[in-house]
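The values are calculated or read from the model by the stated rules, or taken from the named source; none is laboratory data. Please read all numbers here as calculations on a predicted model, not as lab measurements. With ideal geometry, Cβ positions are generated from the backbone for all residues, glycine too; neighbour counts draw on all protein chains shown. Quick note on the areas: whole protein, heavy atoms, side chains included, nothing else; ligands and nucleic acids left out. Shrake-Rupley method; radii C 1.70, N 1.55, O 1.52, S 1.80 Å.
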Amino acid sequence: MLQIGDKAPDFALQDKDGRLVRLSDFAGKRVVLYFYPRDNTPGCTRQACAFARTNDDFQARNTVVIGVSKDSAASHLKFAQKYQLPFVLLSDPELQAIQAYGVWQEKKLYGKVSMGVVRTTYVIDAQGCIEKVMPKVKPDTNADELLAWLDQNPAG
């Protein structure tokens, strides 16, 4: 997992519309980069809807929200349409960004061990460095916690 002060790894991933998006496209803005396990699952849906509800608040703070999972662009398109998600969703089936950000980890569920995405959120500053790391976030409170943190830590 990356640490505060690390240079955020750049990536080039497809969005829900099949366009290539790079982290470097957002230079000069803060980025909330959140990694989640899967579209249309209960926790991931609650987290995405919370970011959708607060998207204007993030924009007012010159902050872009980007969600990343290994789902396909087509899955992201359906997910975004179903829940009116106004922010960027990126498809990472090859685990390019997921591994670069250290969120592909061993998980245990009902005694079974498997590899998967651990729900993690990063805040990246306007210069492209990691400013905050939130591992194993709670889907229901992640967006509001980030807004409170942004208010206490205005971009400098």
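Taking region 139-156, which residues are more than 17 Å from the chain's Cα centre (by Cα) and assigned to a loop (DSSP other than H, G, I, E, B)? Answer for region 139-156, where residues must be more than 17 Å from the chain's Cα centre (by Cα) and assigned to a loop (DSSP other than H, G, I, E, B): ASN153, PRO154, ALA155, GLY156. When region 54-76 is filtered for residues that are of a type outside the set (Asp, Glu) and part of a helix (DSSP H, G or I), the ones remaining, listed by number, are ASN55, PHE58, GLN59, ALA60, ALA73, ALA74, SER75, HIS76. Close contacts from region 60-71, counting a first residue that is touching a residue at least 24 places away in the same chain (Cβ under 8 Å) and a second that is among the basic types (Lys, Arg) and not in a loop (DSSP other than H, G, I, E, B), with Cβ to Cβ under 9 Å and a gap of 6+ residues or different chains, come to ARG61/ARG30; ASN62/ARG30; THR63/ARG30; VAL64/ARG30. Residue selection: ALA50 satisfies the criterion of being assigned to a helix (DSSP H, G or I), within 22 Å of ASP140 (Cα to Cα) and either open to solvent by 10 Å² or more (accessible area, probe 1.4 Å) or of a type outside the set (Phe, Trp, Tyr) (or both). Considering the conditions (1) of a type in the set (Ser, Thr, Tyr); (2) out of contact with any helix residue (DSSP H, G or I) (no Cβ under 8 Å at 6 or more places or on another chain); (3) open to solvent by less than 50 Å² (accessible area, probe 1.4 Å), SER72 is excluded by exactly one of them, (3).
For region 121-138, the candidate set comprises residues that are on the phi < 0 side of the Ramachandran plot and not in a strand (DSSP E or B); within that set, the residue that is nearest to the chain's Cα centre (by Cα) is VAL137.
Quick one: which strands (runs of 3 or more DSSP E) sit completely within region 77-117 and have at least 1 residues that are within 16 Å of VAL65 (Cα to Cα), among the hydroxyl-bearing types (Ser, Thr, Tyr) and out of contact with any Phe, Trp or Tyr (no Cβ under 6 Å at 6 or more places or on another chain)? Talk me through it step by step, then tell me what you get.
Values: elements: 88-91, 104-109, 112-117.
Output list reads 88-91.
Taking region 78-113 as the range and being open to solvent by less than 90 Å² (accessible area, probe 1.4 Å) and among the aromatic types (Phe, Trp, Tyr) as the test, the residues that pass are PHE79, TYR83, PHE87, TYR101, TRP104.
Yes or no, residue by residue, for (1) among the aliphatic types (A, V, I, L, M); (2) closer than 22 Å to VAL103 by Cα; (3) free of Cβ contacts under 8 Å to residues at least 12 places away in the same chain:
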| site | (1), (2), (3) |
| --- | --- |
| GLY18 | no, no, no |
| ALA27 | yes, no, no |
| TYR36 | no, yes, no |
| ARG46 | no, yes, no |
| ARG53 | no, no, no |
| PHE58 | no, no, no |
| PHE79 | no, yes, no |
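Of VAL88, VAL64, which residue is of a type in the set (Val, Ile, Thr) and touching a Gly at 6+ places or on another chain (Cβ under 8 Å)?
Details: VAL64 fails: touching a Gly at 6+ places or on another chain (Cβ under 8 Å).
Testing whether each residue is of a type in the set (Val, Ile, Thr) and touching a Gly at 6+ places or on another chain (Cβ under 8 Å) leaves just VAL88.
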